[in-house]
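What follows is calculated from the coordinates using simple rules that are stated; it is not laboratory data. None of these values were measured; they are calculated from a predicted model. Counting neighbours? That spans all protein chains shown, and the Cβs are built from the backbone with ideal geometry, glycine included.
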Amino acid sequence: MCGIVGISAETNVAAEIYDSLLMLQHRGQDAAGMVVCDSQDKLNSRKSMGYVRDVFQQRHMNKLIGSYGVGHVRYPTAGGTGKEFAQPMYVNSPYGISMVHNGNLTNSKELGVQLFHAEMRHLNTDSDSEVLLNIFAHELGKQREIYPSAEHIFKAVSKTHRRCDGAYAVLALITGHGILAFRDNNGIRPLSIGIRKGETRDEYIIASEDALFESQGFKKLRDVEPGEAVYIDKKGNLFSQQCADEPQKRPCIFEYVYFSRPDSNIDEISVYKARMRMGSKLAELIKKKNPDHDIDVVIPIPDSSTTAALQLAVDLNVPYREGFVKNRYIGRTFIMPYQEERRKSVRRKLNILDLEFEGKNVLLVDDSIVRGTTSKKIIEMAKEAGAKKVYFASAAPAIKYQNLYGIDMPATSELIASNRTEEEVSKEIGADWLVYQTLEDLIDTCQFGNPNIKEFETSIFTGKYITPLGENYLEDLEVSRQDEVKAQREKAKA
């Protein structure tokens, strides 16, 4: 999962891209970067490993001059970690294209072979983003136009759609021409457009989440539709066209559970309200399963479960308390690349308020349970603080399968629920009892916000993938995502 943003304005945009990336930092902590294009059609760029605030110092910002540009925060999925994987990625032909990408291609290996043998393009990394960039560049180059129109660019996007499988929300800066945005034909990863009035023309922002629009003075125009391409030329003219053959909106449901900011609206669904409804559904389930429950207090595991926990407490008529103090300077443990880092970070990240636990039957609420590492450690902390009993509620159903579309879920064998029942997971993490949200209820909580969406991408719960998969893709991914294999890979690089 990554965060992307592009801005086209009358004046320099680097400061606004920087502020936007800060607001998208929760989507990626591995690397950050941006590129802007100036009035002389010269690119000015900066990217490196680390958080946004560390990558961009004042000396870098002073050199980032340009009225349109794109930015990226990276969360490592396909490929590895290292500066060479930081985005934007660049190819000089045709025109000079810089691309940022959120998602994951499921046929990148096959495409990489095609690029080398049939199209004579060299790939410098095993990043699917570099594959996607070269596929689009090749298709745009085939248009044979010195000054490409929106029509030529949209033809290249259409050809790219036909070749690429998986999830992708993309921004591309075409040097001297403008900014292009497009989204896969299922709309798995989010992308929204905002607009504001400049002195002589409209100015635009396109980003993974719309929560950052207002702070930059933009108003949301709409979401980019599945399969759609939007092109903003350097004069500020906006063009759009549907470029996919059979588009269907099927957004990733985990955006609403965990990844997105609560103040975002993804495909017209308020993330905050969806999480409130998740809390209500959990309360209904607890009343049904444990009508005589003895819960004394509901406590969220901050932050993405806070909204659901508060509504759950209201519906159960049980006191809501904040029993954990979060260190805001520790990153999100879910998106840390290795198990040992995650394990060490739990206690560094959360301090416990003993008085909220001592002598009480506590219901802890989290957004989901993945490996179970964090859940087990937090339950241990609660019992050490004097809790009589510790119950656990997950706002998401049991996660049993790998994610292929931009979330670096562990190997299936490392998922705690992959081969365990609800009761076995409860015992494994040390809970007195455990309740998972049902998939039907989770879908209802999101679909209520936009009834026009008939289907969500839910493969981590069902194992049913909505895009074609290459031969042995799942088997290869199962091996490559094991923490031991990742560690060996990084050790070899060092």
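Pop a pseudo-label 7 angstrom from the Cα along the beta-carbon direction at both I195 and D476 and give the gap in nm to one decimal.
4.3
Given charges of +1 on the Cβ of Lys and Arg and -1 on the Cβ of Asp and Glu, with all other atoms neutral, how large is the dipole of region 72-143 about its Cα centre, in debye to the nearest 20?
That gives a dipole near 120 debye.
With +1 assigned to the C-beta of every Lys and Arg and -1 to the C-beta of every Asp and Glu, and no other charges, what is the dipole magnitude of region 134-250 about the Cα centre in debye, to the nearest 20?
Computed charge dipole of region 134-250: roughly 160 debye.
Report the Cα-based extents of region 3-249 along its three principal axes, largest first, to the nearest Å.
Between the extreme Cα coordinates on each principal axis of region 3-249 lie 45, 36, 36 Å.
Which value in nm describes the separation of the simple spin-label points at Q57 and T438, placed 7 Å from the Cα toward the beta carbon?
5.7
Please report how far the C-alpha centroid of region 1-54 lies from that of region 209-277, rounded to the nearest whole angstrom.
Value for the Cα centre distance between the two parts: 18 Å.
Can you give the net charge of the other residues whose Cβ lies under 9 Å from the Cβ of A156, counting K and R as +1 and D and E as -1?
Net charge in that neighbourhood comes out at +2.
Within the set of other residues whose C-beta is less than 15 Å from the C-beta of N361, count the net charge using Lys and Arg as +1 and Asp and Glu as -1.
-1
Stretch N92-N351 to full length: gain in nm at 0.36 nm per residue minus the Cα-Cα span?
Taking N92 through N351 to full extension adds about 88.3 nm, to one decimal.
Sort D408, D444 by Cβ crowding within 10 Å, fewest neighbours at the top.
Least to most surrounded, the residues fall as D444, D408.
With +1 assigned to the C-beta of every Lys and Arg and -1 to the C-beta of every Asp and Glu, and no other charges, what is the dipole magnitude of the chain about the Cα centre in debye, to the nearest 20?
It works out to roughly 940 debye.
Hey, if you put +1 on the Cβ of every Lys and Arg and -1 on every Asp and Glu Cβ in the chain, which of I193, V390, L123 ends up farthest toward the positive end of that dipole?
Sorting the options by dipole projection puts first L123.
Just tell me which aspartates and glutamates come within less than 20 Å, Cα to Cα, of K454; anything on the same chain fewer than 8 places away is out.
Reachable aspartates and glutamates: D184, D223, E225, E228, D245, E246, E255, D267, E268, E440, D441, D444.
When the scattering of the chain is computed by the Debye formula from its Cα atoms alone, each counted once and equally, what is log10 I(q)/I(0) at q = 0.08, 0.09, 0.10 Å⁻¹?
With no solvent term, the Cα-only Debye profile gives -0.48, -0.61, -0.75.
How long is the gain from K326 to E10 if the chain were fully straight, where each residue apart is worth 0.36 nm and the alpha carbon distance is subtracted?
Result for the pair: 109.7 nm of gain on full extension.
Taking the highest mean first, how do the peptides 319-328, 25-34 order by number of other beta carbon atoms within 10 angstrom per residue?
Sorting 319-328, 25-34 by mean packing, highest first, produces 25-34, 319-328.
Using per-residue counts of other Cβ atoms within 10 Å, averaged over each peptide, order 445-451, 266-272 from highest down.
Ranking the peptides 445-451, 266-272 by packing returns 266-272, 445-451.
Mind pulling the angle between the C-alpha long axis of helix 373-384 and the longest principal axis of the chain? Nearest 10 degrees, somewhere in 0 to 90.
Result, in degrees: 30.
Net charge within 12 Å of K427 by Cβ-Cβ distance, Lys/Arg positive one each and Asp/Glu negative one each, not counting K427 itself?
-3
Label points 7 Å out from Cα along the Cβ direction at E284 and D19: separation in nm?
Simple spin-label model gives 4.1 nm for this pair.
Highest mean first, how do 198-206, 254-262 rank when packing is the count of other Cβ atoms within 10 Å averaged over residues?
Result, highest mean Cβ count within 10 Å first: 254-262, 198-206.
Could you tell me which of L285, I330, N452 has its Cα farthest along the dipole of region 271-493 towards the positive end, charges placed at Cβ (Lys, Arg +1; Asp, Glu -1), taken about the Cα centre?
Positive-most Cα among the choices belongs to I330.
Note down the Stokes-Einstein diffusion coefficient of region 271-493 in µm²/s, whole number, using a Kirkwood radius over alpha carbon pairs, 4 °C, and 1.567 mPa s.
71
If only Cα atoms are counted, what is the Rg of region 346-464, and what is its Dmax, in Å?
15.8, 48
Once you order the gyration tensor axes a ≥ b ≥ c over the Cα atoms, which shape class does region 1-135 get: rounded for a/c under 1.5, otherwise prolate or oblate by comparing a/b with b/c?
Oblate.
List the extent of the Cα atoms of region 174-313 along each of their three principal axes, largest first, rounded to whole Å.
Projected onto the principal axes, the Cα atoms of region 174-313 cover 66, 37, 19 Å.
Taking 51 Å as R0, compute the FRET efficiency from the Cβ-Cβ separation of N124 and K454 and round it to 0.05.
Rounded to the nearest 0.05, the efficiency is 0.80.
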